[in-house]
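Some notes on the structure that comes next.
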Amino acid sequence: MPNMQNEKTPMPFQDPTIRSKNFEEVALGYTKEMAIQEANRCLNCKHKPCMNGCPVHVHIPEFIQYLSNDQIDEALHEIKLTNNFPSICGRVCPQESQCEKECVRGIKGEAVAIGRLERFVADHGEDKVTTVKTNGMKVGIIGSGPAGLSCAIDCAKAGFDVTIFEALHASGGVLTYGIPEFRLPKSIVKKEIDALRHYNVKIENNVIIGKIKTIEDLWDEGFKALFIGSGAGLPNFMNIPNENAVGVVSANEYLTRCNLMKAYDDRYDTPIAKPQHTIVVGGGNVAMDAARCARRLGDKVTLVYRRSLDEMPARKEEVEHAMEEGIDFKILTNPVAIEKDENGRVSGMTCVSMELGEPDEKGRRGVTVKENSEFNIACDYVIMAIGTSSNPLLKDSEKKLEVNKRGCIVVNEDQMTSIQSVYAGGDAVSGAATVILAMGAGKKAAESICKELL
Ligand code: FAD
């Protein structure tokens, strides 16, 4: 029976007053009844506009049809034809600006909740593990974020002997050290990584390529192709006065302490600040995650962003959740200096008010400083979340690896770098972007590796 309700079937969420004090998952997921009810809103359009909105072209109408017929394993198999990690994408993809943006049901009401359905299928379906005949050729993957994991699984399914080299002691890249537990439980990431072992993918943690081993060493060890998915983990700062005061940190450091090193959990020794008033600077997903962690750990949290709410790059749902959890948003506000006390500790932030200007060629409105608008906010902790750049470690150790002016690795249309048989993708190539784009790049590189070696 088609469901002609204009609104999405609501998803249960933890109550904001309760969840702002814990790190458990905020969105609780559909029950089977809710999922089938929502699946029945899909019109199964012949021209499948939603698929064009998905960077990896998941067969969306097909998986939703299986789901509405209660064939959950078949639905999962259909998704996995193009997306290796649907339980992750169903939770963190910006569906509102991708697949759901193109959904026909969105013209008169709300789009079909494709992300929520993908999550349901991934959490409840069982995928067949295929047996693979190995070809004995070794492929090395540098970095275990979504780009590396995606390239690894596709290479392994094609029969290669795959080893991932990961600098950190835990695998998953930003999925593990960046995105907090309350948005993406680490048990979900672990399950996806464990699934790689069915295809005999080996993961060597605590190995920094460029320091512990070089690319040359990997050729000597018999690797026939390499994929670099080293991400964009180098935090940017504003270069404003006193930014080196005690109590100013990058969002990367803060989130790594909190998520990877589990500082929020009293059973772990990792220290983390518990200030009275934290200011988070930025308006992307990273800023929202840092602000929401700080809220769960501390007292008052203010988010300072120089444009308006409409220009915020963070997912709309994350912004709404942050507001519900009691984070104070100071928009059209830009820091110009950090204030510090006699001990060198942060004591406040000097800000100016901003005004929106005309849209640029991409439609994004510029901002200018309002005259005589300087004001001060008292605070004792500042988290800078204003973007990241590509990690320079590999390019510094491998002079033949071409990078552009922003330090991103340059690749051709096959994802091959300036070094023969070395491929790259994800944030290391694009600069900070999204999980699904990183996965898509890893997948494309795996195809190119197959083309070159098989
Ligand atoms: P990464 O995930 O950064 O992984 C790179 C890995 O390579 C890391 O594990 C690193 O330790 C390892 N590495 C680096 N150098 C070396 C080396 N020399 N040797 C060995 N290993 C190395 N995207 C979304 O789509 N939705 C979201 O909601 C979202 N939220 C985000 C929240 C935060 C806090 C952050 C930081 C990012 C978020 N993103 C989100 C962006 C998304 O996570 C990234 O675009 C994506 O993880 C990039 O994947 P990647 O594989 O290229 O790199």
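Below are the figures for this structure:
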item	result
Scope segment 372-407; condition part of a strand (DSSP E or B) and among the aliphatic types (A, V, I, L, M); matching residues	ILE377, ALA378, VAL382, ILE383, MET384, VAL403
Residue that is nearest to the ligand (Cβ to nearest atom) [pool: residues in segment 408-454 that are of a type in the set (S, T, N, Q) and in a helix (DSSP H, G or I)]	SER430
Condition broken by HIS198, with the remaining ones in (1) more than 9 Å from the ligand (Cβ to nearest atom); (2) touching a Cys at 6+ places or on another chain (Cβ under 6 Å) satisfied	(2)
Top-ranked residue in segment 407-433 [being touching a helix residue (DSSP H, G or I) at 6+ places or on another chain (Cβ under 8 Å) and among the hydroxyl-bearing types (Ser, Thr, Tyr); ranked as farthest from VAL174 (Cα to Cα)]	SER421
Lone qualifier among GLY125, GLY140, GLY148 - being buried (at least 16 other Cβ atoms within 10 Å of the Cβ), more than 26 Å from ASN6 (Cβ to Cβ) and away from the ligand (no atom under 16 Å from the Cβ)	GLY125
Residue in segment 254-274 that is within 27 Å of GLU447 (Cβ to Cβ) and either assigned to a strand (DSSP E or B) or within 16 Å of the ligand (Cβ to nearest atom) (or both) present	no
Residue within segment 231-253 that is under 27 Å from ILE436 (Cβ atoms), within 11 Å of the ligand (Cβ to nearest atom), in contact (Cβ under 8 Å) with a residue 40 or more places away in the chain and in a helix (DSSP H, G or I) present	yes
Among (1) in contact with a helix residue (DSSP H, G or I) (Cβ under 6 Å, 6 or more places away or on another chain); (2) within 13 Å of the ligand (Cβ to nearest atom) - the single one ALA287 does not satisfy	(1)
Filtered residue count, segment 127-182, keeping only those that are basic (Lys, Arg) and assigned to a strand (DSSP E or B)	1
Residue that is surrounded by fewer than 12 Cβ atoms within 10 Å (Cβ to Cβ), away from the ligand (no atom under 16 Å from the Cβ), more than 24 Å from GLY284 (Cβ to Cβ) and charged (D, E, K, R), where the choices are GLU358, GLU371	GLU371
Qualifying residue in segment 187-194 (condition: out of contact with any Leu (no Cβ under 9 Å at 6 or more places or on another chain), touching a residue at least 60 places away in the same chain (Cβ under 8 Å), more than 10 Å from the ligand (Cβ to nearest atom) and part of a loop (DSSP other than H, G, I, E, B))	no
Hits in segment 159-203 - residues which are small (Gly, Ala, Ser), over 17 Å from the mean Cα position of the chain (by Cα) and at pLDDT 95 or above	GLY159, ALA167
Complete set of residues in segment 78-88 that are more than 16 Å from ALA35 (Cβ to Cβ) and either touching a residue at least 24 places away in the same chain (Cβ under 8 Å) or within 11 Å of the ligand (Cβ to nearest atom) (or both)	LYS80, THR82, ASN83, ASN84, PHE85, ILE88
ALA385 vs. criteria closer than 30 Å to LYS274 by Cβ, under 21 Å from the mean Cα position of the chain (by Cα), in contact (Cβ under 8 Å) with a residue 40 or more places away in the chain and within 11 Å of the ligand (Cβ to nearest atom)	yes
Among (1) within 11 Å of the ligand (Cβ to nearest atom); (2) modelled with pLDDT under 95; (3) over 29 Å from ILE409 (Cβ atoms) - the single one PRO313 does not satisfy	(3)
Output for segment 207-223, where each listed residue is near the ligand (Cβ under 9 Å from one of its atoms) and in contact with a Leu (Cβ under 8 Å, 6 or more places away or on another chain)	ILE208, ILE209, GLY210, LYS211
Of residues in segment 44-88 being part of a loop (DSSP other than H, G, I, E, B) and of a type in the set (D, E, K, R), the one surrounded by the most Cβ atoms within 10 Å (Cβ to Cβ)	LYS48
Only listed residue being surrounded by 13 or more Cβ atoms within 10 Å (Cβ to Cβ), of a type in the set (Ser, Thr, Tyr) and at pLDDT below 95, chosen from SER389, SER347, SER418	SER389
Condition met for GLY178 (at positive phi, within 10 Å of the ligand (Cβ to nearest atom) and surrounded by 20 or more Cβ atoms within 10 Å (Cβ to Cβ))	no
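Here's the yes/no breakdown for (1) surrounded by 24 or more Cβ atoms within 10 Å (Cβ to Cβ); (2) within 19 Å of the chain's Cα centre (by Cα); (3) closer than 18 Å to GLY233 by Cβ:
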{"position": "LYS262", "(1), (2), (3)": "no, yes, no"}
{"position": "ARG267", "(1), (2), (3)": "no, no, no"}
{"position": "ALA287", "(1), (2), (3)": "yes, yes, yes"}
{"position": "THR302", "(1), (2), (3)": "no, no, no"}
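The values are calculated or read from the model by the stated rules, or taken from the named source; none is laboratory data. Since we're looking at a predicted model, the values are computed, not measured. When we count neighbours, we look across all protein chains shown, and the Cβ atoms used for this are built from the backbone with ideal geometry, even at glycine.
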